[in-house]
Amino acid sequence: MAPARAERRLAAILAADVVGYSRLVEHDEAETLSALKIVRREVIEPLLAEHQGRIVKLMGDGALVEFGSIVDAVACAVAIQKGVAANQADIPTERRIIFRIGVNLGDVIHEVDGDLYGDGVNIAARLQTLADPGGICISGTAYDHLHGKLDCDYEYLGERALKNMERPVRLYRPLLDGTTVRTARSRLALPDRPSIAVLPFNTMSADPVQDLFSDGLTEDITTALSKLKGFFVIARNTMFTYKGKPVDVRAVGRELGIRYVLEGSVRTFGNRVRVTAQLVDAASEAHLWAERYDGDLGDIFAIQDEITASIVARIGPELLSAEHARESPKPHHGLDAWECVVRAVFLCSQLSEESSRKMLPLLDRAIGLAPDYAQALAMKGWITMWRAFQGWEDMGYAMTLARDVVQQAIAADDKEPWAYLAQTMTAYATRDDPLAMAAVSQAVAINPNSAFAHGQLGLAHANGGRAADAIPCIDYALRLSPREAFLGDFQFYYAMAYFQGANYELGLSYAREAHRLRSGHPYPLIIGTVCAGLLGDQEAATDLLGRLKLLVPDISRNAVGATSCFVRAEDRARLIEGLARAGLD
């Protein structure tokens, strides 16, 4: 008889562990083990039986469970978290059993002894570590198969690179109550004006240079539409999360809350280019308009304008057509300089030390090729200031450079929003609230669909002491870009606003979320540590302060107070007080 062989199959996997298990055991091992046994017997095991979950393995502080249906897996996870919370409600906070749960749908290898392994299991285990205490984190593949089958809303958490995983994974959080940290919701109402999302144009070639070319075309069409005040346009960072993936237009419309989708392709042959574009009604999938454009590569900027004008004429009133004519960009710079800026825009969305450092030579090359390239000048000022705030550039050098390039950019093109965003950064550094508000408001006026500009407007309000005005701006930024590369930064802006408004519980929650999404940035850790200190949550304060010191070993209260962007002295005083209570010298 041939030996039994391992079987590969698709399975829904739930991974769970106990938050702070080592601390609980250290405090009272017997009590912890007894409490965990009771929770398993009274809450978890009945729910696993109800949802037909098979326990693959039990560890001291967690479990791995297989389900035949992803709906059963997520429903069981939600029921477990609610059931455990109710079971532990009367237990002192420091002794409660609290779980984190990750759920994934993926390929697993089933051994004859019942054990499972493979990427499907590994991803579930990684998701578990990313879940909030008492919360659930599910993968994009799990989310895609739920199709509204559960009475539950979800928050999109962006894409995340997981340890030992080749590709980033989309993350979602089921909403268990109304108090979780806000990100964009999956069910969004249609705006009261023409709303559109521009999918990344497909490249009909394996050449990476042509792929960059199509990305740049997508970026420029999105930007041109965004500047039309009568349109609602989903930000490019959200749309690039769909790049290279099969797309269901109706699903895109539902997820982003928009009526129209523009899709297309680019093919180059020699010095010629062919661009096809079509406009689709997201609800009916009816094709409203389609066109093909042929020309020389040097004509690409004219083709961009033609596509934009055609869309405006098809779905916008005559007023918008006239507005487009008024707002048509000045002549573009050469292809080489343009491609440098396209690369820099992509790197900017990553906002890391490495990506920001790589931006600078690209922008310098663009400026060298086209000295009056306003966007290149302005982005150089903005990213240099941003690096200075992170501690990677000298602030004096950054201020001098940014002020100089802002003047040059505005002289070259006073309709370039990046120039005013860079100017806003210099205002933050000097706590010049009137300048910050004037500059960022100008950026929003120029590009009313810029999610990043609306987020920065929220941050300017928070820095200026206006928490109540900050929150709606950040909310609107997330509505414009529900799947946002800058999601971690938006969570940080929320943390700043809630700290400024003395809501330290939410400030801590948002700071933790921002740190999870931008782990290399010190400021979310600073705000999180401050909020934890002011709340008297010593466990959270110690954890966050330890992480902060790994990033900035020589950090001190005085240094944070001296460099803080909060305009009001009382806000800076609370900042220092929170750090002192957290244990920072």
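Structural remarks
- Flag if residue 252 is at pLDDT 80 or above and surrounded by 19 or more Cβ atoms within 10 Å (Cβ to Cβ): yes
- Top-ranked residue in region 126-142 [being touching a Ser or Thr at 6+ places or on another chain (Cβ under 9 Å) and part of a loop (DSSP other than H, G, I, E, B); ranked as modelled with the highest pLDDT]: 135
- Flag for residue 544 being in contact with a Leu (Cβ under 8 Å, 6 or more places away or on another chain) and among the aliphatic types (A, V, I, L, M): yes
- Test: residue 421 is under 19 Å from residue 227 (Cβ atoms) and crowded, with 24+ Cβ neighbours inside 10 Å: yes
- Helices (runs of 4 or more DSSP H) fully within region 377-494 that include at least 1 residues being more than 26 Å from the chain's Cα centre (by Cα): 395-412, 417-430, 433-446.
- Filter pass, residue 469 being under 16 Å from residue 453 (Cβ atoms), surrounded by fewer than 24 Cβ atoms within 10 Å (Cβ to Cβ) and at pLDDT 90 or above: yes
- The set of residues in region 82-125 being surrounded by fewer than 21 Cβ atoms within 10 Å (Cβ to Cβ), in a helix (DSSP H, G or I) and out of contact with any helix residue (DSSP H, G or I) (no Cβ under 6 Å at 6 or more places or on another chain) consists of 82, 85, 86, 93, 94, 95, 119, 122, 125.
- Qualifying residues in region 509-540 (those that are under 22 Å from the mean Cα position of the chain (by Cα) and not in a helix (DSSP H, G or I)) - the one surrounded by the fewest Cβ atoms within 10 Å (Cβ to Cβ): 520
- Flag for residue 551 being over 29 Å from residue 437 (Cα atoms) and either within 26 Å of the chain's Cα centre (by Cα) or in the same structural domain as residue 236 (by TED's automatic domain parsing) (or both): yes
- The criterion of being charged (D, E, K, R), surrounded by 19 or more Cβ atoms within 10 Å (Cβ to Cβ) and either more than 24 Å from residue 427 (Cα to Cα) or not assigned by TED's automatic domain parsing to the domain that holds residue 390 (or both) holds for residue 489.
The values are calculated or read from the model by the stated rules, or taken from the named source; none is laboratory data. Keep in mind that this is a model prediction, so the values were computed, not measured. Note that each Cβ is placed from the backbone with ideal geometry, even for glycine, and that neighbours are counted across all protein chains shown.
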